[in-house]
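A.B. asks: Mind looking over this structure? Questions follow.
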Amino acid sequence: MGISRRSFLALVGGGLALSTARPLLSASPWVLRPPGALASSAFLAACLRCGKCAQVCRYGSIRIASSADGTLVGTPFIRPRETPCFLCMDCVPACPTGALRPGTAREKAAMGIAVVDRDTCLAWQGNVCHTCFMACPFYDKAIVLEDFSRPVVREEHCVGCGICEHVCPMRTAAIRVRQE
Amino acid sequence: MRARLPHADGSHPGSTGVTQLNRARFRPGSWSTASAAVQAAVLAGLLLPRLGVPLVIGTLASTRIAGFVLTDPLAAAQVTLATTSISWPLLSSTVPVLVFYLVSGRTFCGWICPVNTLLDVAHRLLPVQARIRKRPPDGRVVALALTLLGSAALGMPVFEIISPIAILVRNLLFGMGPEIAVVVVLVAIDLWVIDRAWCRYLCPLGYLYSLLAALSPLRVRIDAARCTRCGACEGCPAGIPILRAFIEAGKPAMVSGDCTRCGYCVDVCPTSSLSLDLKLRLPGVARDRPAALRTQQEKAPW
């Protein structure tokens, strides 16, 4: 039993079509994923693009990417400057494939790490501002104040929820969530 | 009513092989009414979370209905291949879906799929006829192979990303994106180029369900004595030549994995020769009605 020429050509043509679908499929810049998300490539393999995580998110933090959103189409992502993750963890049990690790505790959300830009941060520039320190859900653990004034992120406690980035009073946030 | 005879070339009066949905009217109790109601209910259910009623969560890849998770078997297969790991909760959530389609046949396509719903609406609103009447090659096996191989090779569930079904549902639920062009092009091809091109010749999901449907006990029963060879059933959305392939061969029922059990043929048949029949029949048991009834019907078939 052989494969017909027509089927072979269709397979080759389909392969080419798949490869031209790269804008929809290919890897793209890092984005903040929902809490408990697997590491990038494992997440993209397991995520079914079903959108349940976004639908159960009571804050509307989780969005589903269209092909114009700069990440893989159909995947969930968070823009913390607009709406951060408040770590209710409701999205985790909604995930049918384990792309969001089942049973993830909020302390283990491991979404990213907040990084302070000391050149623009008000406190680091000598002014008085404790906004991110006060808003952090892991109070005095993930963000601590150096000399009672300047915010410092402690990576072992920060999960990257983005609340600090959301509340930062600077026009461009001086504390932003980055890849872990 | 006089029985019309086939043309010499084998075609039938009124038979084009092109979907003619408007022939099936929305009468109370008709299959067209029932399937349209279910199609509307599926869309409404999926859209409930947009209205703040999270009773049905998810898309057709995976849906949680009142706490109960149902996952599309093809979606689960892609994730299993992409992750190269087996998730039992995921696979067990496909079992009710598999059982349902094993029994009911390819009803996903005719009753649930929102792309088919969109095409049905398009065909009813714009009764145009596709240009190309010749059947293109059936690419569904290749599409299914590419879906599975592509998911393993690229490490992603490829069909869930690029399929018009997934794109349509996601765009309805989470806002429109440029990728909706895929759906627009598909509808245009369907109306003006090749009738039901996606559903009949390309969709790997419909093909998977048509493989499962081979064992389904839900079939279109044929009463050949009543058939006038009018050809109305040849406007079937799934493109099944019931008249030529089954009625002329003297079959008691239309057995086809490609049949979406939409009931179109039953609705349009002017002599009620066709019926959807879910009775489980053991092989070898006579399908014919009692002889007395049969002769009576042969005398006055309609």
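A.B. asks: Is it fair to say B:Ala232 is more than 14 Å from every other protein chain (Cβ to nearest Cβ), aliphatic (A, V, I, L, M) and surrounded by fewer than 21 Cβ atoms within 10 Å (Cβ to Cβ)?
C.D. replies: The answer is no for B:Ala232.
A.B. asks: A follow-up question, please. In the list B:Ile189, B:Ile247, which residue meets the criterion of being in contact with a strand residue (DSSP E or B) (Cβ under 7 Å, 6 or more places away or on another chain) and more than 10 Å from chain A (Cβ to nearest Cβ)?
C.D. replies: B:Ile247
A.B. asks: Closer than 30 Å to B:Pro54 by Cβ and buried (at least 18 other Cβ atoms within 10 Å of the Cβ): is that true of A:Ala105 in this structure?
C.D. replies: Judged against the criteria, A:Ala105 is not a match.
A.B. asks: Something else now. Has region B:130-153 got any residue that is away from every other protein chain (no Cβ under 14 Å) and of a type in the set (S, T, N, Q)?
C.D. replies: The answer is no; no qualifying residue exists.
A.B. asks: On to the next question. Restricting the search to region B:241-278, which residues are under 15 Å from B:Arg226 (Cβ atoms) and either of a type in the set (S, T, N, Q) or part of a loop (DSSP other than H, G, I, E, B) (or both)?
C.D. replies: Hits for region B:241-278 are B:Glu248, B:Gly250, B:Lys251, B:Pro252, B:Cys269, B:Pro270, B:Thr271, B:Ser272, B:Ser273, B:Ser275.
A.B. asks: Just to be sure I understand, how many residues within region A:125-150 are on the phi > 0 side of the Ramachandran plot and of a type in the set (D, E, K, R)?
C.D. replies: Count: 2.
A.B. asks: Here's a check for you: in region B:108-140, which residue that is among the β-branched types (Val, Ile, Thr) and in contact with a helix residue (DSSP H, G or I) (Cβ under 7 Å, 6 or more places away or on another chain) is surrounded by the most Cβ atoms within 10 Å (Cβ to Cβ)?
C.D. replies: B:Val115
A.B. asks: How do the strands (runs of 3 or more DSSP E) wholly within region A:21-119 filter down when requiring 3 or more residues that are within 11 Å of another protein chain (Cβ to nearest Cβ): which remain?
C.D. replies: Those strands (runs of 3 or more DSSP E) span A:62-64.
A.B. asks: Looking at B:Ile189, B:Ile247, can you tell me which residue is in contact with a Cys (Cβ under 8 Å, 6 or more places away or on another chain), among the β-branched types (Val, Ile, Thr) and within 23 Å of B:Arg133 (Cα to Cα)?
C.D. replies: None of the others qualify; the one that does is B:Ile247.
A.B. asks: Would you confirm, using the coordinates I've provided, whether B:Pro157 is within 13 Å of another protein chain (Cβ to nearest Cβ) and more than 30 Å from B:Ile57 (Cα to Cα)?
C.D. replies: Considered against the rule, which asks whether it is within 13 Å of another protein chain (Cβ to nearest Cβ) and more than 30 Å from B:Ile57 (Cα to Cα), B:Pro157 comes out as no.
A.B. asks: I'd like the full set of residues that are surrounded by fewer than 21 Cβ atoms within 10 Å (Cβ to Cβ), under 18 Å from the mean Cα position of the chain (by Cα) and of a type in the set (Val, Ile, Thr), limited to region B:245-265.
C.D. replies: Answer for region B:245-265, where residues must be surrounded by fewer than 21 Cβ atoms within 10 Å (Cβ to Cβ), under 18 Å from the mean Cα position of the chain (by Cα) and of a type in the set (Val, Ile, Thr): just B:Val255.
A.B. asks: Between residues in region B:100-112 that are of a type in the set (Lys, Arg) and residues that are part of a helix (DSSP H, G or I), which pairs lie under 8 Å by C-beta distance while being six or more apart or on different chains?
C.D. replies: Taking only residues 6 or more apart or on different chains, the pairs are B:Arg106/B:Gly206; B:Arg106/B:Tyr209; B:Arg106/B:Ser210; B:Arg106/B:Leu212; B:Arg106/B:Ala213.
A.B. asks: Looking at region B:223-245, is at least one residue of a type in the set (S, T, N, Q) and at pLDDT below 90?
C.D. replies: No, the conditions are met nowhere in region B:223-245.
A.B. asks: Among (1) farther than 25 Å from A:Val167 by Cβ; (2) surrounded by fewer than 23 Cβ atoms within 10 Å (Cβ to Cβ), which single condition is A:Ala46 missing?
C.D. replies: Every condition holds for A:Ala46 apart from (2).
The values are calculated or read from the model by the stated rules, or taken from the named source; none is laboratory data. Everything numeric here is computed off the predicted structure, so don't read it as measured data. In this analysis, Cβ positions are derived from the backbone assuming ideal geometry, glycine residues included, and neighbour counts consider all displayed protein chains.
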